[in-house]
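Asks: The structure follows.
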Amino acid sequence: MSCYRYFMGLLVVFGTACEDVIDVDLKDVTPQLVIVGEVSNRLEDQYVTISRTVAFSAADPFDAVSDAEVTVFDDRGKAFEFVENTPGRYQSRFRGEVGRRYRLQVRVDGQTFEAVSSMPESVLADSIGTGIRNVFNEEQKFISVKYQDPIGVSNYYRYLWSINGAPPKMVRVSNDKFTDGKYVSEDVTDFETELDTGDSVSIWMQCIDKATFDFWNAVQANNPGNAAPANPPSAFGNGALGYFSAQAVAEYFITVQ
Amino acid sequence: MFLPAVNWHKACNIVGMFLTRFRRYRFIFIALLISAPFHLFSQHLFTISGHIRDALTGETLIGASIRLKAHPGTGTRTNNYGFFSLTVQGGTHLLVVSHVGYQTQEVSADIVKDTSLTVDLHSGELLEEVVISQSAHRENVRSPQMGIARVDVNEIKHVPVLMGEKDVLKTIQLLPGVLSGGEGSSSFYVRGGTGDQNLILLDEAMVYNASHLFGFFSTFNSDAIKEVNLYKGGMPAQYGGRISSVLDITMLDGNKKNFGAEGGLGLIASRLKVDGPIVKDRGSFMISGRRTYADLFLKLSNDEDVNKSRLYFYDLNAKANYRINEKNTVFLSGYFGRDVLGYSNLFGFDWGNATGTFRWNRVLNSRLFSNTTLVYSNFNYNVSIENDEFSFVIASRIQNYNLKQDFQLFSSSKSTWHFGVNLLHQGISPANIDADENTAVNSLQLEDRKGMELAGYLAHEWTPIDRLSLIYGLRLSNFLLFGPGTFYAYDEEGDIVEHTEYRRGEVVKHYLNLEPRLSLSYQLQGNNSIKLSYNRNSQNLHQLSNSTSSLPTDAWVMSSNNIKPQIADQAALGYYQNFDNDRYEFSIESYYKYMQNQIDYRNAADLQANEHIESELLFGIGRAYGVEVFLKRREGRLNGWLSYALSRSERQFDGINGGNWFAARQDRTHDASVVGMYQLTPRWNLSATFVYSTGNAVTFPSGKYTVDGRTLWYYTERNGYRMPDYHRLDLGATWESASSKRFKSSWTFGIYNVYNRKNAFIIDFRENADNPNVTEAYRIALFGIIPSVTWNFKF
């Protein structure tokens, strides 16, 4: 949709388009269960969050679901019990392993939800730096992450960043549909954030499985020009939303030049 | 020359099968032929044939009426080449020749043998003393053709439009049953169909992408256009290939008598047309061009990136014709248009259509007219990206070669036969990536696809009794998808089940479609009639787009082992009446349309450069129904029309909305337009257009949730919400400045969206910038009030 953005940009430049906040009367619907689980290859607290959808106008978008039974099994039959530490947020400390297949099982209100995920091979960046580009006479800085994409396999990546200690924020997901086996330079940037010299940035580069990519790709593809927006594909049956991702993570630090 | 290297053995088998089926139905054709009136062989009948033309320019007139004054029921109309043939009893006849926008003329002819006759009509208002009930002004009531909307090119001049760029496609959106593709858009939807279901023909060449600059301007430069006909239903059997409508646009032939030039300077673009005789009264040419110049302002910038940027489109129409002798005329016409966008050397994007048509008209005898057409049509786009890490080009092309042979047999004054064959070769080269060796992107080569559509048709236009006239016919088409290539089959989830390799020319899949067409009118009194129609249409070329606006990069696919032809059955009933000596025209039509094998997409479908694009598709059914009302005042100082449509368009897909029916995006319950033109003084013409419509059906979230600190929207229903109602008033004024006989000029002023209504183009949802826990809806309105001015000249 890059040309769509380009085109909307042109209309704004030519000053014909205008934008304002309006009221839209949205329906109230039955809340839906949302499960999000992540297991990484680092020895750390692994989290599963369980919540329900809320009305669009609700002040807090997180409606916690407590007292669920949450377990992750690996493909050797080992079970990791998760404990609720804050409402709706369940944790367990262990290290996931690359190549292993994990199964998340959630029991809540007498129903069971399950999803599986295999942790992909880790791909590491071999260089990280600050890049600058000029867009319509304006300097824009971005973080450039360079890595060698493994040839012959489908790879899916997810990038998060934290600027000056702010909570981590997802930037984007990408895949190697067009770059399989290439030395790739990924520009980590979003339209809303301006980077300044001296900013300290943490970047997480996650290697994720296809289902997790499909989930986030659907989210990032949902732009206003989409004719039929829909919920991202869920890893769980029974109508629950969300995903379960076993992911190989690498974290990098950089000071913006 | 244009046939692919097909496996002829297999192809012949298919053709054989086609003919076998045809044989099975041949008794129907024979029965029809037998029913043709026999009295045409009678001794005392003679045929008057010839052309009707514009007296000043020699342009042939399409659809002009020629009738016997003594027997108004005996008459005919000129075909697309201005040719007519009328068989009458020997003797002296007074013929009434008329055409909308021209002075009616009476011609006395002493017919003692087959006679050729050319009538030149003068443009201008009708003379009061002429009995207009016999004129072309009643054709709308009398003609059996239903669901047709004819746009008068002169009207287009006065209707105010965005940026002052007069536009055929925007004018037809003001007719009932034709919906605008969106704010300022030249794309259109007919009777609940989608944009790719419209067959858009320019001199018989299929135009794949009829818009410039993402839909805001149509590719049709009105200076070059002679005639525009839109069939919303009851399509004649000679048209096929799309299920929603046929928009048939004919280019001007060029002035056969004198050289002339006309053009204009507008805010967006400038135009110039030159035409004149090649050999006086025998042949003429016309060349018309248009180019935008927004990019010229970019050149003024000091910034090197900006002044090297590109942003423009242009159109070039050219046509030439030459009458070899009384019986043979040849035409050559072409269109070439392109959009070019670019930012510095970093990014380039260009796309456009090219069409070429060669036609050979032959008058085989005074009753049999033949036209042979050879058409080439092409649409392609290129994207180039060049920076430190990337250097690659994406290119895609779709093209066809089309050979058509059409005959018209004017067997009697009450009976005309249309029959012909059509061989269409369709090729698609999907988006391919051509990347440098050292760049971070791989080259990607998707397989080309080739198909062929063989079609034959027979239609009979017949007036069995004075009050009743009908057109009935049959179109038979066989679509063949050819190798070479790998063709995949997918399961319900879109996963590959099997793949098969096909050799060059091997038939992968074929679909045979039989399409009956019927349209009839029964005249109640002289000035009113009831009309009925039924038509089946099929479609083997499909455009895939899951965005709200059509983009040049939208992929095309043909019917295949996975995609079945789209089929629509439509039945319609209408009442037509003219008032006040045909000064007013009124019609009300209702229709019901059932559509099979409609296409939608899986959630987050990947439609770009995807080898398995067919796995991303979902198939379902559709229905559309409605009532359309049209009232027009054709002449006088105040003229114009009111149009209103009440309609519904719905879809059902197993994988969408829980299998329940849902409103199509373009389902707009009410759609109304008012168009008025007023001749204030001989030099001032004022005009106004008001449009109102229900908003599009749209999918909004009915809730939200948080994932990883990010708020996501929760959707429960496809198209379960409505955009706000759309309405807009535009004003225009044309001032004819003092002119000499040689040189005429005029100024056209326009105001788009006079009361600056903020019609929502997009409604989207976001987190509040200051407080991310608060979510809000916002709207983007594209065009506020926009004035325009254009200077036009003619000499």
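Nothing in this text is a laboratory measurement; each read-out follows from the coordinates by a stated rule. All values derive from a computational prediction rather than experimental measurement. No Cβ is skipped: glycine too gets one built from the backbone with ideal geometry, and neighbour counts run over all protein chains shown.
Asks: B:Lys414's amide H: which non-local residues (gap 5+, or another chain) put their own amide H closer than 5 Å, with H modeled 1.01 Å from N in plane and none for Pro or chain starts?
Replies: Here nothing satisfies the definition.
Asks: Would you grab the residues whose amide H sits under 5 Å from the one on B:Phe216? Only those 5+ places off in sequence or on another chain, please, with H modelled 1.01 Å from N.
Replies: B:Ser186
Asks: Further, regarding this structure: Would you please put A:160-168, B:515-523 in order of how densely packed they are, using the mean number of other Cβ atoms within 10 angstrom per residue and starting with the highest? Can you show the working numbers first?
Replies: Numbers: A:160-168: 14.2, B:515-523: 20.9.
The peptides rank, most packed first, as B:515-523, A:160-168.
Asks: Moving on. If I fit a long axis through the Cα atoms of helix B:8-24 and take the longest principal axis of the Cα atoms of chain B, what angle between them do I get, 0 to 90°, rounded to 10?
Replies: 50
Asks: So if I place +1 on the C-beta of Lys and Arg and -1 on the C-beta of Asp and Glu, and nothing else carries charge, what would the dipole magnitude of the range B:645-684 be about its Cα centre? I want it in debye, nearest 20. If you can, show how the numbers build up before the last one.
Replies: Values: 5 positive and 4 negative charges, 49 e Å.
Around 240 debye, computed over the range B:645-684.
Asks: Determine, for each peptide in B:603-611, B:285-293, the mean count of other beta carbons within 10 angstrom over its residues, then list the peptides with the highest first.
Replies: On the way: B:603-611: 18.3, B:285-293: 21.1.
Answer by packing, highest mean first, reads B:285-293, B:603-611.
Asks: What do you get for GluC sites (Glu not before Pro) in the range B:702-795 restricted to DSSP loop and a cutoff of at most 10 other Cβ within 10 Å of the site's Cβ? Walk me through the intermediate numbers first.
Replies: On the way: sites: B:Glu717, B:Glu736, B:Glu767, B:Glu776; in loops: B:Glu717.
Sparse-neighbourhood loop GluC sites (Glu not before Pro): none present.
Asks: For A:Gln46, list long-range residues whose amide hydrogen, built 1.01 Å from N in the peptide plane, is under 5 Å from its own amide hydrogen.
Replies: HN-HN under 5 Å from A:Gln46: A:Ser92, A:Arg93, A:Phe94.
Asks: Rounded if a/c is under 1.5, else prolate if a/b is larger than b/c, else oblate: which is the protein assembly as shown, with a ≥ b ≥ c the root eigenvalues of its Cα gyration tensor? Kindly include the intermediate steps, with their values, before the conclusion.
Replies: Values: a/c = 2.11, a/b = 1.85, b/c = 1.14.
Cα axes put the protein assembly as shown in the prolate bin.
Asks: What average count of beta carbons from other chains do you get within 10 Å of the Cβ of residues in A:226-239?
Replies: Numbers: counts 6, 13, 17, 11, 11, 9, 5, 3, 0, 0, 0, 0, 0, 0.
Shielding by partners across A:226-239 averages 5.
Asks: Report the one residue of A:Ala235, B:Ala605, A:Phe56 whose Cα lies farthest in the direction of the positive end of the charge dipole of the protein assembly as shown (charges on C-beta: Lys and Arg +1, Asp and Glu -1; origin at the Cα centre).
Replies: The listed residue farthest towards the positive side: B:Ala605.
Asks: Per-residue Cβ counts within 10 Å, from other chains only, averaged over B:711-723: what number is that? Provide the component values of the computation, followed by the final result.
Replies: On the way: counts 3, 11, 8, 12, 7, 7, 2, 4, 2, 3, 4, 0, 1.
Average per residue, whole number: 5.
Asks: Then there is this: Rounded to the nearest 500 deg cm²/dmol, what is the calculated helix-only ellipticity per residue at 222 nm for the protein assembly as shown, with -39500 (n - 2.57) per DSSP H run of length n ≥ 4? Walk me through the numbers before you get to the answer.
Replies: Values: 9 runs with 75 residues, N = 1052.
Result for the protein assembly as shown, helices only: -2000 deg cm²/dmol.
Asks: Cut-off is 10 Å between beta-carbons; in what order do B:Lys69, A:Lys182 appear when sorted fewest neighbours first? Write out the running numbers ahead of the final one.
Replies: Numbers: B:Lys69 16, A:Lys182 19.
If I rank by nearby Cβ atoms, fewest first, I get B:Lys69, A:Lys182.
Asks: I've got another one for you. Mind checking the mean number of beta-carbon atoms from other chains within 10 Å of the Cβ atoms in B:433-444? Before the final figure, lay out each step's value.
Replies: Values: counts 1, 0, 3, 0, 0, 2, 3, 9, 6, 9, 1, 2.
That works out to 3 on average.
Asks: Another question, if that's okay. Treating the angle as unsigned and between 0 and 90°, give the value, to the nearest 10°, between the Cα long axis of helix B:26-35 and the longest Cα principal axis of chain B.
Replies: 30
Asks: Can you tell me how much longer the chain between A:Asn238 and A:Val21 gets when fully stretched, taken as 0.36 nm per residue apart minus their C-alpha distance, in nm with one decimal?
Replies: Working: separation 217, 0.36 × 217 = 78.12 nm, distance 3.58 nm.
Net length gain for the segment: 74.5 nm.
Asks: Counting other beta carbons within 10 Å of each residue's own, what order do A:Cys18, A:Cys207 fall into, fewest first?
Replies: Details: A:Cys18 16, A:Cys207 23.
If I rank by nearby Cβ atoms, fewest first, I get A:Cys18, A:Cys207.
Asks: Which value, in debye to the nearest 20, gives the size of the charge dipole of the protein assembly as shown about its Cα centre, when Lys and Arg are +1 and Asp and Glu are -1 at the Cβ?
Replies: Magnitude of the dipole: close to 5200 debye.
Asks: Could you check the spin-label model distance between A:Val116 and B:Val421? Points 7 Å from the Cα along Cα→Cβ, value in nm.
Replies: Going from the A:Val116 label point to the B:Val421 one covers 5.8 nm.
Asks: For an R0 of 25 angstrom, estimate the FRET efficiency from the Cβ-Cβ distance between A:Glu81 and A:Arg42 and round to the nearest 0.05.
Replies: Efficiency, rounded to the nearest 0.05: 0.85.
Asks: How much length would be gained if the chain were fully extended between B:Gln445 and B:Ser108, taking 0.36 nm per residue of separation minus their Cα-Cα distance, in nm to one decimal?
Replies: Details: separation 337, 0.36 × 337 = 121.32 nm, distance 6.74 nm.
This chain segment gains 114.6 nm when fully extended.
Asks: A further question follows. Would you mind ranking B:Val774, A:Val65 so that the residue whose beta carbon has the fewest other beta carbons within 10 Å leads the list? Can you show the working numbers first?
Replies: On the way: B:Val774 15, A:Val65 20.
Fewest-to-most ranking of B:Val774, A:Val65: B:Val774, A:Val65.
Asks: Of the listed pairs B:Lys232/B:Lys794; B:Lys232/B:Lys632; B:Lys157/B:Lys414; B:Lys157/B:Lys308; B:Lys232/B:Lys256; B:Lys256/B:Lys450, which have alpha-carbon separations greater than 29 Å here? If you can, show how the numbers build up before the last one.
Replies: On the way: B:Lys232/B:Lys794 35 Å; B:Lys232/B:Lys632 18 Å; B:Lys157/B:Lys414 36 Å; B:Lys157/B:Lys308 35 Å; B:Lys232/B:Lys256 33 Å; B:Lys256/B:Lys450 41 Å.
Those over the limit are B:Lys232/B:Lys794; B:Lys157/B:Lys414; B:Lys157/B:Lys308; B:Lys232/B:Lys256; B:Lys256/B:Lys450.
Asks: Between B:Asn528 and B:Ser270, what is the label-point separation in nm under the 7 Å Cα-to-beta-carbon projection?
Replies: Here the modelled spin labels are 5.5 nm apart.
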